[in-house]
Amino acid sequence: MSRRDVVITGIGIASSLGEGVEAHAAALAAGCPPVVDTESFKPYPLHPLAALELDRQIPKKSDQRQMEPWQRLGVYSAGLALDSAGLKDDAEAKSALQVIVAAGGGERDHAVDAAILEGLRGANDPGAFLNERLMSDLRPTLFLAQLSNLLAGNIAIVHGITGPSRTFMGEEQAGVDAIRTAHARIASGQSDLMLVGGAYNAERRDMLLLFELGGYLHRDDFKPVFERENAPGLITGSAGAFLVLESAERAAARGARAYAKLSQTSAARSRREAGSIRSALAKLLGDFGPIAGDALAISAATGCAGITGEEAAAIAAAAPSAKRIATGDLVGHAVEAAFPVSVALAAIALSAGQAREAIVTGAGHWRGEGAAHLVQA
C-alpha cells in the first residue's frame, strides 16, 4: 500500500519567547538571547512561560480555574493550532479530528501536600489522619496529582472536538511517539486529520526536585546546550506545542496552507550503554537518506552528560554542513513537549524560508530516542 504525504497545516506554540508562529520565526532568524530566570528557583535556572491572555483560547473563567498551569498551556496551544489551521469554527472537521497528547504525571497541589505533611507530625493516628485529609482535601480531578488524560479532555471540551483522543506518558519519548503515531496513522490512511502535541510547566518545585534527585539538573547561570561539558544537565522550560497534521489531499481540497511536509518520523530505545545513543540516532537519521548541505538540524538535546555529546556526534555525522539549533537554547527543555516543540520550530523555519529541509532529533534524559524529517511544502 502506498504511503500518503502528511503536511502540517496548523501550529500552536507558546514558550518563554511568547506565542505563535511569528514570534518563534523571528527568534529562529535573529538568534535572540534566551529568556532565563536564574533567581526564582535558585540555584536552578529555567525558561519561564511568557504571559498569555488565557481568555483568547479558554474563554470561561471556570474552565481556567479547574486546570493546573500545564493544562491551561496545553489547551491554549491547541487552540492556537486550530486557529492556525483554520479549523476553530469547523464543527464537521472537529468531529473527525483525532487528538494525541504527550503528558506527564499531572501537577500536585503543593499546598495540600505541605498541610498534610505538617499535620502528620502531630497526628495521634497518622494513618487515619492521612485518609481523612486525602478524602477531604483533594479535588475530584486529582488523585495525588491531576489526571494526565484531563488535558485531552479539556482540549475537547474547550474547543468542541468530538473525535477520539489518546494520551501518551513516558517523559520525552511520549512526545516522540505522539508525533510518530499521528504521522503513521495519516500516512497509512487510517486517519486524515490529527491534532498532536504536549505541554510542560517547568515552574514546579516537585519536578525540579525529581530531576535533582536523579542528578539531571544544570545549576547556576545559563549555558548553551552543547557547551555544558563542565556542568552538564537540564535547564527546563515551560512550553507547549500542538500541530495539526493532515493528509496532503485533504489539505489541498480545502485550500489549506501547509507549513511543511512531515516526510518521516521514527523512534528507538537503546540500552544506554556508551555509544548506543549515537548509534541509534545514526540509524534513524540514515533512514532519511542523503540530507542537504543547507539543511537545518533542530535538536531537542537535554544537556545531560554523555547523552548530549552522542546526539551532537550523530548530527555531525549525518548532516555535517547543516545549521544546528538546540531547542533548549531557545525555550529550554520541555520534557514531554520537547519533541513536539522542536518539530514545530522546524516547520516554522521551513515556512519562513529559513531552510528547505530540516531534521529533528531528540534523546530523552533517561530513555528513548526520536528523529523526524521535514521539507518545504
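If you scan the stretch 269-288, which residues turn out to be open to solvent by less than 30 Å² (accessible area, probe 1.4 Å) and either at pLDDT 95 or above or more than 12 Å from G370 (Cβ to Cβ) (or both)? The answer is S276, I277, A280, L281, L284, L285, F288.
In summary, H373 fulfils each of the numbered conditions (1) over 20 Å from the mean Cα position of the chain (by Cα); (2) part of a strand (DSSP E or B) with the single exception of condition (1).
For the structure I just gave you, tell me whether E22 is closer than 30 Å to A253 by Cβ, modelled with pLDDT of 95 or more, surrounded by fewer than 19 Cβ atoms within 10 Å (Cβ to Cβ) and out of contact with any Gly (no Cβ under 6 Å at 6 or more places or on another chain). For E22, the condition - closer than 30 Å to A253 by Cβ, modelled with pLDDT of 95 or more, surrounded by fewer than 19 Cβ atoms within 10 Å (Cβ to Cβ) and out of contact with any Gly (no Cβ under 6 Å at 6 or more places or on another chain) - is met.
A251 meets each of the listed conditions (1) part of a loop (DSSP other than H, G, I, E, B); (2) crowded, with 21+ Cβ neighbours inside 10 Å; (3) not acidic (D, E) apart from (1). Looking across A358, A312, A316, one residue alone is surrounded by fewer than 24 Cβ atoms within 10 Å (Cβ to Cβ), of a type outside the set (S, T, Y), over 18 Å from D177 (Cβ atoms) and touching a residue at least 40 places away in the same chain (Cβ under 8 Å). It is A312. If you go through the stretch 212-234 and keep only what is buried (at least 18 other Cβ atoms within 10 Å of the Cβ) and either out of contact with any strand residue (DSSP E or B) (no Cβ under 7 Å at 6 or more places or on another chain) or at pLDDT below 95 (or both), you end up with F222, K223, R228, P232. Can you pull out every residue in the stretch 334-355 that is in contact with a Gly (Cβ under 8 Å, 6 or more places away or on another chain) and open to solvent by 10 Å² or more (accessible area, probe 1.4 Å)? Residue satisfying the conditions is E336 alone.
Across the stretch 162-194, the qualifying residues are those that are open to solvent by less than 20 Å² (accessible area, probe 1.4 Å) and within 13 Å of the chain's Cα centre (by Cα), and the one among them that is nearest to L374 (Cα to Cα) is I179. The set of residues from the stretch 36-61 being open to solvent by less than 60 Å² (accessible area, probe 1.4 Å) and either in a loop (DSSP other than H, G, I, E, B) or modelled with pLDDT under 95 (or both) comprises V36, T38, F41, P43, Y44, P45, P48, L49, A50, L52, Q57, I58. When G309, G293 are checked against the criterion of being of a type outside the set (D, E, K, R) and in a helix (DSSP H, G or I), G309 stands alone in meeting it.
The values are calculated or read from the model by the stated rules, or taken from the named source; none is laboratory data. Only a predicted model underlies this, so the values are computations on that prediction, with no experimental measurement involved. Quick reminder, even Gly has a Cβ in these numbers, built from the backbone with ideal geometry, and neighbours come from all protein chains shown. For the accessible areas, the whole protein counts, side chains as well, though only heavy atoms, and no ligand, DNA or RNA atoms are used. Shrake-Rupley method; radii C 1.70, N 1.55, O 1.52, S 1.80 Å.
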